[in-house]
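Student: So that we are looking at the same thing, I have put the structure below in C-alpha cells.
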Amino acid sequence: MNGDTVLVTGGSGFLAGFCVAQLLQEGYRVRTTVRSAAREQEVREAMKVAGVVAGDSLSFVVADLTSDTRWAEAVEGCAYVLHVASPLPSTAPKDENEVLVPAIEGTLRVLRAARDAGVRRVVVTSSFVTIGYGHPATDRAFTEEDWTDINGPGVTPYVKSKVLAERAAWDFMDREGGALELAVVNPVGIFGPVLGPHLASSVRLIKSLMDGRLPGAPDLSFGVVDVRDAADLHLRAMTDPGAAGQRFIATAGDTVFLHQVCLTLRQRLGAGARKVPARRLPSWLLRFVARFVARFVPALRGIAGDLGLVRHVDNTKARTVLDWRPRSSEDSVTATAQSLLDLGLVKEAKRS
C-alpha cells in the first residue's frame, strides 16, 4: 500500500472522480474538496460505480476556490495535489471577471497552500484551449510549446480564464514556488463512461446525439480523450521525475469530426444509437445549426472548433516522456454512449 496522501480538488467532477478512483486503486489515501458537505455521498456513490471500495482511505474537506477558508487544512500532510477543479459557466457571463477571477485566484490559492504545506508536486488541470485557440487556420499540429492568443478570434471568457490561470501558475512557480514542483495537463474534450447522472459538457454532446437532438452532423471537429486516460496521465505527471516543470496535452490522437463520431456510434451500438444522425448537414444549413447549437446544445461550446476549422493536436510528448498509452477516440465515445444507455439516460433508445 502507498502511504502518501493526495489532495484532489473538486472531487464531484467528472475527471476528478476518476482521479480519485485511480488513486484509491493504487493504494493512496485521498482527500478531496467539495463545495458542499452534501456532495460527499455523491462522490462515494460514484466510487461504488467505479468499482472502488473507498472506506477510510477517502476523506473530504468543504472548500471553495473563491475563499481562503480551509485550504490549509485541505493540503495538510499531502505529498501531492491534483488541482482539477475549475469554474465552468453554463452561459456566457455578462462580465468576464466572473470567470477570470475565480479561475486565476483559485489556482494561486491552491498553489500557495501547497507550497506552505511542503507538498512535493502539484498537477494543475488546464486545457487544450490554452494552446490552440485564437490562431489563424493552420495544417500544423499544436504542441505544448504553443499558447492561445487571448486577443485572437473565437476566444471566449472561459478560454481566456484558462489561459490566464495557467500563465499565473507558471509565473507563481518562477517567482515564489520554492521547493514545490508543478506539472500541467491540457486535455481536449473529455469523454468516457459516466459515474452518475450529473454529466460533463462533453458527455452531454454524446447524449444530444443519442437523443436525436441534431438533424445532421455539422462540420465541427474536436479532440477526444477518455476520462480514464486523462486521469492516468495526471497520476503519471504526479510522480514521474521527468514531468516536473512540464505541460502535457491529453488527447487520444488528432482531432475528429462530428460526423465520424456519429458513424462510430451507429456502427458499434446499433439500435441503441438509432437516433444518432446518419448524414452530414449541407452547407446551407450550417448557419442555422450554429444558432441551434448555441441555444439548444451548449455541450458543443468549448470543445468544438469553429465551423470548418480544424485544430490539429499532437500527443507525442505525453507518450514519449510519460509512456502514456491512451484509448482510441472511437473506443472512448462508444464507452460514453454505452454508459448513458446503461444508466437509462438516453431518451427512448433501445440497447444494443
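Student: Holding the Cα-Cα limit at 24 Å, pick out from Lys162/Lys207; Lys162/Lys275; Lys94/Lys162 the pairs that are longer than that.
Tutor: Details: Lys162/Lys207 26 Å; Lys162/Lys275 34 Å; Lys94/Lys162 17 Å.
Where the Cα-Cα span goes over 24 Å, the pairs concerned are Lys162/Lys207; Lys162/Lys275.
Student: Let's test the formula: R0 of 30 Å, r as the Cβ-Cβ distance of Ala72 and Asp240. What FRET efficiency results, to the nearest 0.05? Walk me through the numbers on the way to the answer.
Tutor: Working: r = 28 Å, r/R0 = 0.92.
Once the sixth-power term is evaluated, E becomes 0.60.
Student: Per 10 Å bin, what percent of the C-alpha pairs of the stretch 110-160 does each bin hold, from zero upward?
Tutor: Reading the bins upward from 0: 22, 36, 24, 15, 2.
Student: Once both axes come from the Cα atoms, what is the angle between helix 157-176 and the longest principal axis of the chain, in degrees from 0 to 90, rounded to 10?
Tutor: 20 degrees
Student: Moving to a separate point now. What is the sum of charges around Asn97, taking Lys and Arg as +1, Asp and Glu as -1, for the other residues whose C-beta is under 12 Å from the C-beta of Asn97?
Tutor: Working: positive: Lys94, Lys160; negative: Asp95, Glu96, Glu98, Glu105.
Value of the local net charge: -2.
Student: Could you give the distance between the Cα centres of the stretch 91-153 and the stretch 182-247, to the whole Å?
Tutor: Centre-to-centre (Cα) distance: 16 Å.
Student: How much length, in nm to one decimal, is gained on full extension between Gln25 and Arg325, taken as 0.36 nm per residue of separation minus their Cα-Cα distance? Each step should come with its number before you reach the end.
Tutor: Details: separation 300, 0.36 × 300 = 108.00 nm, distance 1.87 nm.
Answer, rounded to one decimal: 106.1 nm.
Student: Please report, in Å, the Rg and the Dmax of the chain, where both are computed over Cα atoms only.
Tutor: Calculated on Cα positions, Rg and Dmax stand at 19.6, 60 Å.
Student: Right, something else. Rounding to the nearest 20 debye, state how big the charge dipole of the chain is about its Cα centre with +1 on each Lys and Arg Cβ and -1 on each Asp and Glu Cβ.
Tutor: Numbers: 42 positive and 39 negative charges, 301 e Å.
Charge dipole, the chain, about its Cα centre: 1440 debye, nearest 20.
Student: Another question, then. Among Pro153, Phe257, Gly344, pick out the residue whose Cα is farthest towards the positive end of the charge dipole of the chain, where Lys and Arg carry +1 and Asp and Glu carry -1 on C-beta, about the Cα centre.
Tutor: Gly344
Student: Taking the dipole about the Cα centre of the chain, with the C-beta of Lys and Arg at +1 and of Asp and Glu at -1, give me whichever of Gly245, Val34, Ala72 is farthest to the positive side.
Tutor: Checked the options; the winner is Val34.
Student: Give me the percent of DSSP beta bridges within the chain that run antiparallel, rounded to the nearest 5. Kindly include the intermediate steps, with their values, before the conclusion.
Tutor: Values: 2 of 32 bridges.
Around 5 percent antiparallel, to the nearest 5.
Student: Would you mind putting 256-266, 31-41 in packing order, based on average other-beta-carbon counts within 10 Å, highest first? It would help to have the intermediate numbers written out before the result.
Tutor: Numbers: 256-266: 20.6, 31-41: 17.5.
Going from most to least packed, we get 256-266, 31-41.
Student: Dipole size in debye (nearest 20) for the stretch 1-116 around its Cα centre, Lys and Arg Cβ +1, Asp and Glu Cβ -1? Working shown, then result.
Tutor: On the way: 11 positive and 15 negative charges, 32 e Å.
The dipole of the stretch 1-116 has a size of about 160 debye.
Student: Using per-residue counts of other Cβ atoms within 10 Å, averaged over each peptide, order 178-184, 8-14, 149-155 from highest down. Show your work: numbers first, answer last.
Tutor: Values: 178-184: 18.6, 8-14: 26.4, 149-155: 13.1.
Highest mean packing first, the order is 8-14, 178-184, 149-155.
Student: Something else now. Work out from phi, with θ = phi - 60° and the Karplus expression 6.51 cos²θ - 1.76 cosθ + 1.60, the ³J(HN,Hα) of each residue of the stretch 201-208, listed in order in whole Hz, and give x for Gly and Pro.
Tutor: Per residue, the Karplus-derived 3J(HN,Hα) values read 4, 5, 5, 5, 4, 5, 4, 4 Hz.
Student: Counting only other residues whose beta carbon sits under 12 Å from that of Gly178, what net charge do I get with K and R as +1, D and E as -1? Walk me through the numbers on the way to the answer.
Tutor: Values: positive: Arg112, Arg115, Arg120, Arg175; negative: Asp116, Asp174, Glu176, Glu181.
Net charge in that neighbourhood comes out at 0.
Student: Something else now. Using 0.36 nm times the number of residues separating Gln267 and Arg280, minus their current alpha carbon distance, what extension gain do you get?
Tutor: Extra length available between Gln267 and Arg280 comes to 3.1 nm.
Student: When Lys and Arg each count +1 and Asp and Glu each count -1, what net charge do the other residues less than 12 Å away from Thr125, Cβ to Cβ, add up to?
Tutor: Working: positive: Lys162, Arg247; negative: Glu166.
In short, +1.
Student: I've got another one for you. For Cα pairs less than 8 Å apart in space and 6+ apart in sequence, what is the mean separation divided by the residue count of the chain, i.e. the relative contact order in percent? Display every interim value, and only then the final one.
Tutor: Values: 729 pairs, mean separation 63.3, N = 352.
Result for the chain is 18 percent.
Student: Right, here's the next one. Hey, rough spin-label estimate for Val101 and Ala179, points 7 angstrom out along Cα→Cβ, what's it come to in nanometres?
Tutor: Once both label points are built, they end up 3.6 nm from each other.
Student: Right, another one. With axes computed from alpha carbons, what is the tilt in degrees of helix 329-342 against the longest principal axis of the chain, rounded to the nearest 10 within 0 to 90?
Tutor: 90 degrees
Student: Also, I was wondering about something else. Let me have the relative contact order for the stretch 82-227, percent, based on Cα pairs under 8 Å that are six or more residues apart.
Tutor: Normalised by residue count, the contact order of the stretch 82-227 is 27 percent.
Where a number appears in this text, it was derived from the coordinates with a stated rule and is not lab data. Predicted model only: the values in this text are computed from it and were never measured. When we count neighbours, we look across all protein chains shown, and the Cβ atoms used for this are built from the backbone with ideal geometry, even at glycine.
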